[in-house]
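Chemist: Take this structure first; my questions come after.
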Amino acid sequence: DVCSSDLGMTGGVDWVQFLRSSKPVVAAVNGPAVGIGITMILPCDQIVASTSAKFGSGFIKMGLVPELASSRLYVQRLGWGKASDFVLSGRIISGSEAAQIGLADRVVEPEQLVDTAVDVARSYAANPDLQLRMIKQLLTENSLETDLSLVQRREIEMLNRCYVSAEHKEAVAAFREKRPPVFRPQAG
C-alpha cells in the first residue's frame, strides 16, 4: 500500500490533486525553484518567472528520482525531449530559458513579477468559480485521453450543467444588456 507520506505529501494532503482540483493557481518564482521547489509548482495553472529565477530538477544529482507526479507533468509541459534533458541532466536554468522551453509561462523583470502574477490571477478570478473548476477538471482528465468520444462526452456533460447555471444566465443577461458579467458580489 502507498500512503500519503510515501507520495511526498504532508498532513495527508495530496498536493497535486489539491492544486489540480482547486481554483486556478498562479505561481510566481523570483529565486531558486529546485527539487521540491519546482515539483510543487508544476501542477499550477500558470508559472510566472522573473529573469532572476532559477529552475532545476536536481534529483539525479542526489541519486533520487522526481516526485509529485513531475515525471508526467514535465513531459506535459515541455515535451519528451526537453523534459528528458532537463531531468536527466539535473542542470539549473534561468527564468528566461524556462520560458523558452515551456517550463514557465511568462518571464518578466523581478520588479514586475508580483504585479504580473496578480494580474493573471485576477483575470482568472473574474470568471465564474464553477466553470473555472470544471475547465480545470476537463483539462486534467482529458490531457492524455486518447478516446475523443469520451472527451466529448465529458465536455457535453459539463456543458449541460453550465447551461442551467446561474453563471451562464448572468453571462447571457450581461450580453443582452451590453455590460460585463458580474459572477460574484464585488468588494466595495
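The values are calculated or read from the model by the stated rules, or taken from the named source; none is laboratory data. Just so it is clear, the model here is predicted, and its values are computed rather than measured. All Cβ positions, even for glycine, are placed from backbone atoms using ideal geometry, and neighbour counts span all protein chains on display. Please note that ligands, DNA and RNA were not included when accessible areas were found on the heavy atoms of the full protein model with its side chains. Shrake-Rupley method; radii C 1.70, N 1.55, O 1.52, S 1.80 Å.
Chemist: Confirm whether ALA98 is more than 22 Å from GLU145 (Cα to Cα) and not hydroxyl-bearing (Ser, Thr, Tyr).
Modeler: Details: more than 22 Å from GLU145 (Cα to Cα): yes; not hydroxyl-bearing (Ser, Thr, Tyr): yes.
Criteria met by ALA98.
Chemist: Scan (1) open to solvent by less than 30 Å² (accessible area, probe 1.4 Å); (2) touching a strand residue (DSSP E or B) at 6+ places or on another chain (Cβ under 9 Å); (3) outside any strand (DSSP E or B) for the single condition ILE47 breaks and write down its number.
Modeler: (3) is the only condition that ILE47 fails.
Chemist: State all residues of region 173-188 that are loosely packed, with under 12 Cβ neighbours inside 10 Å, in a helix (DSSP H, G or I) and not basic (Lys, Arg); if no residue qualifies, say none.
Modeler: PHE175
Chemist: Additional query: Looking at region 104-160 only, could you name the residues that are open to solvent by 80 Å² or more (accessible area, probe 1.4 Å), within 18 Å of PRO181 (Cβ to Cβ) and free of Cβ contacts under 8 Å to residues at least 60 places away in the same chain?
Modeler: ARG122, ILE135 - these are the residues of region 104-160 that are open to solvent by 80 Å² or more (accessible area, probe 1.4 Å), within 18 Å of PRO181 (Cβ to Cβ) and free of Cβ contacts under 8 Å to residues at least 60 places away in the same chain.
Chemist: Would you please list the contacts, defined by Cβ atoms under 7 Å and residues six or more apart or on different chains, that run from a residue in region 162-177 that is free of Cβ contacts under 8 Å to residues at least 12 places away in the same chain and closer than 26 Å to GLN137 by Cα to a residue that is acidic (Asp, Glu) and open to solvent by 50 Å² or more (accessible area, probe 1.4 Å)?
Modeler: none
Chemist: Conditions: (1) closer than 20 Å to ARG20 by Cα; (2) loosely packed, with under 12 Cβ neighbours inside 10 Å. SER71 meets all but one. Number of the miss?
Modeler: (2)
Chemist: Tell me whether region 61-84 contains one or more residues that are over 25 Å from ARG122 (Cα atoms), free of Cβ contacts under 8 Å to residues at least 60 places away in the same chain and in a strand (DSSP E or B).
Modeler: Scanning region 61-84 turns up no residue that is over 25 Å from ARG122 (Cα atoms), free of Cβ contacts under 8 Å to residues at least 60 places away in the same chain and in a strand (DSSP E or B).
Chemist: Also, quick follow-up: Specify which of the listed residues (LYS23, LYS54) is at pLDDT 90 or above, of a type in the set (D, E, K, R) and surrounded by fewer than 19 Cβ atoms within 10 Å (Cβ to Cβ).
Modeler: Working: LYS54 fails: surrounded by fewer than 19 Cβ atoms within 10 Å (Cβ to Cβ).
Exactly one of LYS23, LYS54 is at pLDDT 90 or above, of a type in the set (D, E, K, R) and surrounded by fewer than 19 Cβ atoms within 10 Å (Cβ to Cβ), namely LYS23.
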